[in-house]
Amino acid sequence: MSTTVSHPDLIDQMTLDEKAALMSGANFWNTKSIDRLDIPSIMLTDGPHGLRKQAGAADHLGLNASVPATCFPTAATLANTWDRDLLFEIGAALGAEAAAENVSVLLGPGMNIKRNPLGGRNFEYFSEDPLLSGELAAAFVMGVQSKGVGASVKHFAVNSQETHRMSVDEVVDTRALHEIYLEGFRIAIEKAKPYTVMSAYNRVNGEYANESQELMTDVLRNRWGYKGLVVTDWGGSNDRVAGILASNALEMPSTGGITDAEIVDAVKTGALDERILDQRVDELLTLIDRTATARIPGVAPDLETNHVLAEQGALEGLVLLKNHDGALPLKPGIRVAVVGEFAQKIRIQGAGSSLVNPTRDTSPLEEMEAAGVNVIGFAPGYRRHGGWSQRMREEANQLARRADRVIFFAGLDESSEGECADRRHMHLPKNQLILLRDLIRAGHRITVVLVGGSPVELPFEPAVDSILGGYLSGQGAAHAIAQVLMGKSNPSGHLAETWPLTYEDVPSSSDFGLGETTQEHRESIYVGYRYYDKVQAPVRYCFGHGLSYTSFTFTDMVADSEGATVSVQNTGDRDGAEVVQVYLRPPTELGFVAPQSLQGFIRIRLAAGETKTVQIPFAEHAFDVFDVAGDDWRRIGGTYEVLIGSSSRDIRLRTTIEVKGEEAKLPYEPSALSSYYSGWVKRASDQEFATLLGRELPELHWDRTAPLNRLSILAETKGRGGLASGVHGLLSATQKALGVAGRPIDANQINFALDLPLRNLPRFSAGAFSEAALDVLLDALNGEWRRVFARARNLPKRLKTRSSSRTQEMGTSER
């Protein structure tokens with residue numbers, strides 16, 4: 001694109017058709033070019049923890065192969081590092097790999113709040129806490145963009161589940177929306193200024209996120225001052241013109257010109273002011289300018305160096321959850337039995353659009369032997385994807401009898417965590433639990449290594465010596481686990497999420513994923529540790545928890561309204577790293593607030609015996625609540641307690657400070673919101689939640705007496721009878737057959753079809769499945785057979801007259 005012509009001049013040279021054409025993709029991953037104006041096509045592709053550039057068949061579900069790339073730890077693992085500098089380095093490495101592949105925008109990081117541990121894509125997200133999420137995402141974005149490649153923070157906003165993700169309405173009160181679900185985005189956007197923001201599939205309080213004037217215009221543009229480009233999630237556009245009006249510029253992937261024509265018609269009829277369209281075009285041209293260096297051939301990235309960086313990320317992200325009586329590190333020479341299939345082929349990432357083709361593949365078993373572990377034998381013990389094998393069980397028990405220590409690898413398989421499906425429960429597979437029970441009853445000393453991107457229930461925890469949280473740690477996972485087990489590396493990860501005792505303890509457990517049309521966020525601001533601390537509930541592992549092979553003491557605390565200062569000493573005999581966490585307790589008279597919240601943190605490395613003094617500034621909204629009545633943040637004055645510790649429940653030092661602000665009060669009537677003042681939000685009634693929302697509750701379930709329409713999803717065909725039930729039955733049978741055939745990931749992708757709005761059939765097919773054909777399908781699904789036959793007679797004629805502009809794209813060319 002010429003740098004001698006300003007955007008206004010360049011836009012003036014475009015026809016209306018060309019402007020509209022730039023607003024959607026040329027194909028699955030690329031934007032359109034306009035050769036006569038030297039406007040190039042650019043590529044956007046997946047990459048929250050590694051570049052996923054597909055060289056052949058394209059998809060957004062991780063089904064087809066991609067070019068080899070460094071597979072870094074997933075966001076859930078990187079969050080355990082609490083390390084801004086590391087996140088910047090990894091972002092920069094990803095940016096360099098993207099630029100080497102001519103990729104202009106890397107679609108990440110994912111930074112939705114982990115509202116519930118069953119969320120299918122939780123492994124792609126950082127934390128249950130907005131400050132930690134926002135700070136780490138900002139560092140990652142700045143790293144990526146330091147290489148001239150754009151980042152895309154996603155999914156904006158409140159994309160809290162995979163179930164019915166393309167249609168579900170996330171119903172959340174205004175305070176929780178701003179304090180919990182938007183705050184992390186605000187931090188990342190204001191600090192790092194990402195080139196793009198990806199809008200979410202779902203609706204938020206009744207509006208599709210991509211069309212929401214409140215989210216996209218009032219908050220993102222006006223309140224936060226965002227100047228970049230908004231891109232849809234793939235297939236995430238509902239009303240194309242409404243999206244443009246709400247500040248969405250780019251729809252992906254290509255729709256074959258269908259929505260481009262809608263934009264042209266809207267301008268011609270006056271429904272869309274062409275000046276607004278020009279602004280959206282300008283945002284795309286700015287993105288092309290900003291990423292120009294990513295399209296210049298340069299030096300290939302150093303994949304060996306990046307692999308070492310991936311190993312560092314894994315080492316820092318592992319969390320030593322339990323270590324009774326110094327069970328770890330392993331003593332030299334002890335005989336170790338390694339049990340569990342994950343020791344032979346470990347899971348390093350989740351499934352779906354983030355699936356990376358790693359440049360390295362090693363097993364923990366190999367790495368343990370290389371690190372000096374005296375492995376006397378290995379037994380898979382269980383089938384990876386479930387099912388029973390008495391022979392495997394007996395082999396594992398026999399091996400354990402010959403050993404001094406059992407290293408048991410347990411975890412979730414590839415089908416458990418990925419795009420399009422939420423987890424059904426928090427249990428580990430039954431075959432793993434039964435084998436582990438055998439080993440415990442036999443009296444063996446056991447170290448459990450957990451593999452997976454989310455918390456699981458650990459009923460065996462009191463009976464084992466040690467537990468290492470391996471999470472999903474990328475291609476350096478096997479090396480990192482072996483190094484920590486042998487003590488060649490000191491574990492330093494701290495949990496970025498709470499591990500509850502049981503799923504029933506989770507504040508959203510009674511409603512998560514159960515609504516068909518809506519998902520009610522009845523817990524409001526009480527997400528994660530904010531809830532557990534409010535009701536003083538016991539947990540398995542608290543937010544911020546993480547053990548070390550050394551020890552740290554905190555002294556000399558000083559605090560004021562700007563931040564806190566503390567001295568930290570490594571009092572052990574090993575070098576190590578500690579995460580210093582600062583929490584604030586607000587004035588007690590507020591009532592409807594979390595009893596404490598993270599408001600600052602820093603990760604520091606200390607040699608044995610070394611002392612460092614660190615300053616930790618408070619977060620911007622440390623003393624604020626979001627005032628629903630005033631629609632803005634309001635500083636609350638009063639006495640605050642400043643807490644410094646190694647986790648949310650391991651507080652080492654405390655003091656109080658006085659903060660100037662407004663009188664401590666909230667615009668609520670406590671008697672009408674008693675559950676929210678007490679924190680027992682699982683008891684909140686319909687009336688209480690409606691009062692909190694300020695409106696009546698929307699319907700939770702589909703109206704099966706109403707006819708299906710373009711906004712309906714295929715899952716709604718269930719139980720309707722006729723062809724509708726037949727379609728649902730066919731998809732369900734296919735899903736079951738794939739599961740039986742040992743293809744669980746493919747089985748999960750059937751959910752993509754079930755959750756696909758019917759409006760997307762013409763768009764995803766680039767018009768091959770026409771709007772006229774969709775009319776016929778809807779009539780057939782609704783049992784309107786007379787109308788089917790009437791439409792079918794005219795269908796061939798209407799197909800012939802369909803616009804021939806699919807590939808020409810109004811004077812543009814596809815690349």
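The values are calculated or read from the model by the stated rules, or taken from the named source; none is laboratory data. Remember, it's a predicted structure, so these values are computed and weren't measured experimentally. Neighbour counts are summed over all protein chains in view; Cβ atoms, including those assigned to glycine, are modelled from backbone coordinates with ideal geometry. Accessible surface is based on the protein model in full, side chains and every heavy atom, while ligands, DNA and RNA are left aside. Shrake-Rupley method; radii C 1.70, N 1.55, O 1.52, S 1.80 Å.
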Check: Heavy-atom accessible area per residue, the chain, 1.4 Å probe: how many Å²?
Finding: 36 Å²
Notebook entry, point to check: DSSP beta bridges in the chain, what fraction antiparallel, as a percent rounded to 5?
Noted result: 55 percent
Notebook entry, point to check: Label ASP632 and ASP9 with points 7 Å out from Cα along Cα→Cβ: what is the distance between them in nm?
Noted result: 4.1 nm
Note to self: If packing is taken as the average number of other Cβ atoms within 10 Å across a peptide's residues, how do 341-351, 466-476 rank, most packed first?
What the structure shows: 466-476, 341-351
Item checked: Kirkwood Rh and Cα Rg combined as Rg over Rh, evaluated for the chain -> 0.97
Notebook entry, point to check: Taking Rh as the Kirkwood radius computed over C-alpha pairs, what is the Stokes-Einstein D of the range 159-253 at 25 °C in a medium of viscosity 0.890 mPa s, expressed in µm² per second?
Noted result: 184 µm²/s
Note to self: Testing the spin-label approximation: label points 7 Å from Cα along Cα→Cβ at ASP703 and GLN344. State their distance in nm.
What the structure shows: 5.6 nm
Next item on the list: Starting from the Kirkwood radius over alpha-carbon pairs of the range 37-123, derive D by Stokes-Einstein at 25 °C in a medium of 0.890 mPa s and give it in µm² s⁻¹.
Entry: 171 µm²/s
Next item on the list: Could you order peptides 139-152, 80-93 by the average number of other Cβ atoms within 10 Å of their residues, highest first?
Entry: 139-152, 80-93
Next item on the list: Please report, in whole Å, how far the alpha carbons of the range 421-547 spread along each principal axis, starting with the longest.
Entry: 48, 31, 31
Check: If you take the C-alpha gyration tensor of the range 291-437, multiply each eigenvalue by 5 and take the square root, what semi-axes do you get, largest first, in whole Å?
Finding: 33, 22, 14
Checklist line | the range 356-476, relative contact order [Cα under 8 Å, separation at least 6], % | finding: 25 percent
Next item on the list: Multiply the residue separation of SER510 and ALA672 by 0.36 nm, subtract the distance between their alpha-carbon atoms, and state the gained length in nm to one decimal.
Entry: 56.2 nm
Next item on the list: Report the label-to-label distance for THR565 and THR502 in nanometres (one decimal), using points 7 Å from each Cα along the Cα→Cβ vector.
Entry: 4.9 nm
Checklist line | 0 to 90° range, to nearest 10: angle between helix 84-100 axis and the chain longest Cα axis | finding: 40 degrees
Check: Going 7 Å from the Cα of ALA608 toward and past its Cβ, which residues in the range 488-521 have a backbone nitrogen under 20 Å from where you end up?
Finding: 488-493
Item checked: Taking the range 105-174 and dividing mean pair separation by its residue count, relative contact order in percent (alpha carbons under 8 Å, at least six apart) -> 42 percent
Check: What FRET efficiency, computed as 1/(1 + (r/R0)^6) with R0 = 41 Å and r the Cβ-Cβ distance, is obtained for ASP438 and LYS191, rounded to the nearest 0.05?
Finding: 0.20
Item checked: Span from the the range 523-555 Cα centroid across to the the range 285-343 one, whole angstrom -> 25 Å
Note to self: In the range 256-300, if the dipole is taken from +1 on Lys/Arg beta carbons and -1 on Asp/Glu beta carbons about the Cα centre, which of THR291, ALA271, ILE258 is farthest to the positive end?
What the structure shows: THR291
Notebook entry, point to check: Quick one: which of 515-526, 709-720 comes out on top by average Cβ neighbours within 10 Å, and what's the full order, highest first?
Noted result: 515-526, 709-720
Note to self: If you average the C-alpha positions of the range 658-733 and of the range 387-420 separately, how far apart do those two centres end up, in angstrom?
What the structure shows: 40 Å
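How do LYS736, LYS191, LYS660, LYS682 stack up against each other in accessible area, from largest to smallest, with a 1.4 angstrom probe?
Output order, biggest surface exposure first: LYS660, LYS736, LYS191, LYS682.
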Note to self: From Cα pairs below 8 angstrom and at least 6 apart in sequence, can you work out the relative contact order of the chain, rounded to a whole percent?
What the structure shows: 15 percent
Margin query: Could you tell me the calculated FRET efficiency between ARG683 and LEU774, based on Cβ-Cβ distance and R0 = 56 angstrom, to the nearest 0.05?
Written below: 0.80
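Leaving ligands, DNA and RNA out of it, report the carbon-plus-sulfur percent of the accessible area of the chain at a 1.4 Å probe.
Numbers: 14630 of 29130 Å².
With neighbouring chains kept in place, the figure for the chain is 50 percent.
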Notebook entry, point to check: Going 7 Å from the Cα of ILE651 toward and past its Cβ, which residues in the range 498-536 have a backbone nitrogen under 16 Å from where you end up?
Noted result: 529-536
Next item on the list: Please find the FRET efficiency linking ARG383 to GLU589, where r is the Cβ-Cβ separation and R0 is fixed at 51 Å, and quote it to the nearest 0.05.
Entry: 0.35
Check: How many angstrom separate the Cα center of the range 9-31 from the Cα center of the range 104-183?
Finding: 29 Å
Check: For the range 92-140, with equal point scatterers placed on the C-alpha atoms only and solvent neglected, what are the log10 I(q)/I(0) values from the Debye formula at q = 0.22, 0.30 1/Å, to two decimals?
Finding: -0.79, -1.05
Note to self: For LYS268, give me every one of the lysines with a C-alpha distance below 19 angstrom, ignoring sequence neighbours fewer than eight places off in its own chain.
What the structure shows: LYS19
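Here are some pairs, LYS193/LYS322; LYS53/LYS322; LYS53/LYS114; which of them have Cα atoms lying more than 30 Å apart in this structure?
Violating the 30 Å Cα-Cα cut-off are LYS193/LYS322; LYS53/LYS322.
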